[in-house]
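Below you'll find the structure, written out as structure tokens, and then a few comments.
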Amino acid sequence: MHTNTNALNNLSLRGSDSDRSNLKNGIASPSARNDINCVRIKRGLYLLILLLIFTFSPVSIYCEEYKIETGDVVAVTVYEQPDLSTKARLDSTGEITFPLIGNVQIGGLSVNEAVKKITSLLEKDYLVNPQVSIFIEEYHPKKVFVMGFVNKPGEYELFKDRPTTVLEAITMAGGFKQGAAQNGTKIIRKEGSGQATIPVKITDIMQKGRQEENIALKPGDVIFVPESFF
């Protein structure tokens, strides 16, 4: 049996001296074959995880968990009820004024919780089975979210007097964890009704000085750092 030399050179061999000798002669021992199979399995798992990342993006996950805050601008719509469509900034008490209902406290609620609250209030006296949706149009203060393999994942404010770059946001989050796939870093950005994924090559910035890769962030951006599996 012939074994790919490059693949074998990349393995961390745990076998005996005879195993190593066999590998040099192009003969794969059972332990070496196990190592090769492990590498293949890890690669398969890595591809599966990447697929899950794109299917269940951090933007969607975060929006479900994000708590609406004072100063945020929300757009509230009710299906087939255009007169009820409202765009409002939460006041200092976390309230907005909504047609028919009046003042509604949604500060501190997730988007899903706020939808349920407004739906319940409309159902109580005004509409049958209203279909309410809420979209956060502006986060205040301007924040980005750093997630994944960093030391302190969470939300961070952008600088007020100048742009904040992706590396600066990762630094705010305590830097990369050991085992982070730094070159797998990506920015997930809301664009219209959809979202864009922007890859970031960290080594190009840090080792090659390519500052054009050190992208300036926009409010609501999610920086996601995956785990390395190799």
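Any read-out appearing in this document is the output of simple, stated calculations on the displayed coordinates, not a laboratory observation. This one's a predicted model, so the numbers in the text were calculated from it and none came from an experiment. Cβ: placed from backbone, ideal geometry, glycine included. Neighbour counts: every protein chain shown.
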Least to most buried among Ser85, Ser228, Ser193 (fewest other Cβ within 10 Å first): Ser193, Ser85, Ser228
Neighbour-count ranking [beta-carbon atoms within 10 angstrom, fewest first] of Met206, Met147: Met206, Met147
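Within a 10 angstrom radius of the beta carbon, how do Phe176, Phe224 rank from fewest other beta carbons to most? Mind showing how you got there, number by number?
On the way: Phe176 19, Phe224 23.
With the fewest neighbours first, Phe176, Phe224 line up as Phe176, Phe224.
Determine the sum of side-chain charges near Asn183: Lys and Arg each +1, Asp and Glu each -1, restricted to other residues whose C-beta is under 15 angstrom from that of Asn183. Intermediate values should be presented prior to the final figure.
Values: positive: Lys177, Lys186, Lys201, Lys208, Arg210; negative: Asp204, Glu213, Glu227.
Net charge around Asn183: +2.
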29 Å Cα-Cα reach of Lys201 towards lysines, excluding residues that sit fewer than 8 places from it in its own chain: Lys42, Lys142, Lys143, Lys152, Lys160, Lys177, Lys186, Lys190, Lys218
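Please give the charge dipole size of region 141-225, origin at the Cα centre, charges +1 on K and R Cβ atoms and -1 on D and E Cβ atoms. Round to the nearest 20 debye. Each step should come with its number before you reach the end.
On the way: 13 positive and 9 negative charges, 14 e Å.
Taking the Cα centre of region 141-225 as origin, the dipole is about 60 debye.
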